[in-house]
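Novice: One structure, pasted below without further comment.
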Amino acid sequence: MKAAALLLLLVALALLPCSPLGAEPVPEVWVLDVRGAITRGTADYLTSRLERAEGVEAVVIRLDTPGGLVEATLDIVRAFSAAEVPVIVYVGPEGSIAASAGALLLVGSHVAVMAPGTTTGAAMPVRLDPLTGTPDAADEKTVKFLAGYVRNLAEERGRPPDIAEAFVTENLTLGTDEALGLGIIDAVAQDLPSLLAAVDGQEVSLKGRTTVLETAGAKAVEKPPSAVERFNEAIGDPQVAYLLLIGGVMGLYLGALAPGTFVPETLGALSLLLGIYGLGLFSKSVVGLALLLLGVGLITAEIFTPTVGILGVGGVVSLALGAFLLPEEPLLPTAWYGSFRVTVLATATGLGIVALALVAGVIRSRRRRRAPSLGEGRVVKRLDPVGMIRYRGELWRARTTGAPIDEGRKVLVVAREGLTLLVREGGDDE
C-alpha cells in the first residue's frame, strides 16, 4: 500500500504544470502603440491601460506622432504621474518622430528611450482657425504656460529644463545622439528587446518611492486598442472632428431651410455631437449619454411622426454610437460593459431592420401609385405651406398652392411632385 501511494504521488508531481522549484516568474512588460495624431481617443486608450497595469514590471509606449491636442496630452502626462508602474516612452522604430505633443510625452515619462534615426522636439503650440480650419500660431499666454509646464515636468523627471523649455519657445528639434548627449533621453535602443536590456537595473522615482527596473528577459505583451478605442481615435483626429462639426452645423441649417425632410436635421445632430467630442469640448461620458438620449428621442419621434423611417434609422445609429462611447465605471466589472454593448447593438440592429423594412414597404407602395388620381384628403399637420395629409388611407407629405390650411380641414389633391402632393383647400367638412 505504501509503495502504491508513493507511486501515485510521484505521478501526480510529474503531471503538475509548474515551473522548477525555486524558479522565479518571468516579469511582464505591456507594450502600447501610439501612431499618428494624439487625440482624445489616444488619451482614453493610454489612461485606461495604465489604470489596469497592475503586477507588471513596466509599460512601454512605442511612439511615432507628429503631435496632437494639448488637453489630451496633458491628460496622458497626468496618467503617467498617477501610474502604479514605471512608464517607458520609446520613440521607435527607426525613422519615427516624437514631435510637438510627442516631445511632451517623452519628457514626462519615467524612462525615455529613442531608436537610432529618430527625432523629437518642435513643441510650440498652434491653434486651428475656427473659420478655415488652418493652423495658426498660439497666443503668447498659451506659449508661456506650456513652456513653464514642460520646464517643471523636466525638473521633476531629472531632465534638463532649459532644453525642454526650448522645445516650446524655440521649436528646438533634436536627433537621437543629441537628445542622449543633452540628457533628454536615458538610452538608445534599436528595438524592443534591446530596450528592455538597456533599461534593466535603472532606478525610477515612482510616486515618492524609488524602484529598480528588472526588464532583462521580460515578456513583452502587446495591448492594442479595442474597436471602441480605435473609433474614438478616428473621430478624435482634429481634421475629422472639424469636418464633423462643420457638417453638423450645415445639416441643422439645411434642415431649418427645408423643414419636414428630417434627413439633414438627423444627420446634422449626430455629426455635431461627434465633432464636439472629437475636438475635446465635451467628455466621453457627456457625449455618450447625449447620444443615447438622442437615440431614444428620435425613435419616440418616429412613432408619432410619419417620417418614412428616417428618424427611426437615425435613432438606431445614435443608440449604437452612444453605447460605444459610454465610459466604463471603475466600480462595475468590465464584462458588464461588454454584455451591455452587445445588448444595445443587438437591439439597435433589430430596430434598424424593422425601420428599413418599413421604408422599403412604403417605397414599394408609393411606386405602385405613380400617378394617383385626384381626390380628397384631410390635413393632419398644418400646411404652411408644407405639412402632412391623409389621402386614401395613407399619410403623404403635401404642399398647399394657396393660403395655409389648418389641421382637420379637407383638401383637394391637384398634382404630385415626387413624394409630395400639391393640394388646395376644398371639399365639404363634416
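Every number in this text was worked out from the coordinates using simple rules, so none of it is lab data. None of the values given here were measured: they were computed from a predicted structure.
Novice: Give me the number: length gained by fully extending Arg127 to Ala346, i.e. 0.36 nm times residue separation minus the C-alpha to C-alpha distance, one decimal in nm. Provide the component values of the computation, followed by the final result.
Specialist: Values: separation 219, 0.36 × 219 = 78.84 nm, distance 4.08 nm.
Roughly 74.8 nm would be gained on extension.
Novice: Same structure again: So what is the relative contact order for segment 189-273, in percent, with contacts set as C-alpha pairs under 8 Å and at least six apart?
Specialist: Working: 72 pairs, mean separation 15.4, N = 85.
Computed value for segment 189-273: 18 percent relative contact order.
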